[in-house]
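Report on the structure given below.
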Amino acid sequence: MRFIKLYESFEEDKYEQIKDIFINIRDCELKVSNVFAGISLSIGNKKIVTDYNKFGNSGNIRSLSVRLVPVVLHNFYIDDNLFDELRSSIGHLESELELELNNIYLRTPSGIWFNSVDSMEDYIKKLPEKEKRIILKLVAYLDIVFDIGLNNDLF
């Protein structure tokens, strides 16, 4: 039993560490709602994927996902500050835990995957205002998915 408790506290410590890294995201009206490890589809060498069926044979990765949700339900707002905070938090987490960003998943009815914050920023800024308001109104959450790698034994 002693080992199980040690493992649980290790997990809790890592979870709190990741939440702390993303603490400034609250200034953008988002918060960390969950951190979970698992297997994810890799985005491969694509910059943006707007259709799940277009992932192709990019393979699976061991992943760590950080889920961000709006502080106020149904109030997902994206501005320039969010992009800057995401870059900062992602870079910090990558260096702190030796991870590599695989994709950023914007949960809309059909889903949009981006290989970087820059790709997400370009995509959103190029949307016509009306379409941007509609898409962002339908965002439920944003997942930041990191490739854990085969040799990383964090999780």
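A short reminder: the numbers here are calculations on the coordinates, not readings from a lab. Please read these numbers as outputs of a predicted model, since none were measured by experiment. Neighbour counts are summed over all protein chains in view; Cβ atoms, including those assigned to glycine, are modelled from backbone coordinates with ideal geometry.
What is the local net charge at L142, summed over the other residues whose Cβ is closer than 10 Å to its Cβ (Lys, Arg +1; Asp, Glu -1)?
So the surrounding residues net to +1.
Mind scanning K14/K126; K19/K54; K54/K137; K31/K132 and naming the pairs with a C-alpha gap bigger than 27 Å?
As for pairs spanning more than 27 Å Cα to Cα, those are K14/K126; K19/K54.
What does the net charge come to around F22 if you take all other residues with beta carbon closer than 15 Å to its beta carbon, with K and R at +1 and D and E at -1?
Surrounding charge for F22 is -3.
Let me know the shape class of segment 25-131, please: from the alpha-carbon gyration tensor, a ≥ b ≥ c as square roots of the eigenvalues, rounded when a/c is under 1.5, otherwise prolate if a/b is greater than b/c, or oblate.
oblate
What percent does the relative contact order of the chain come to when contacts are Cα pairs within less than 8 Å and at least six residues apart?
28
May I ask for the net charge around K54, where only other residues with Cβ less than 15 Å from the Cβ of K54 are counted and Lys, Arg are +1 while Asp, Glu are -1?
Around K54, the charge tally is +1.
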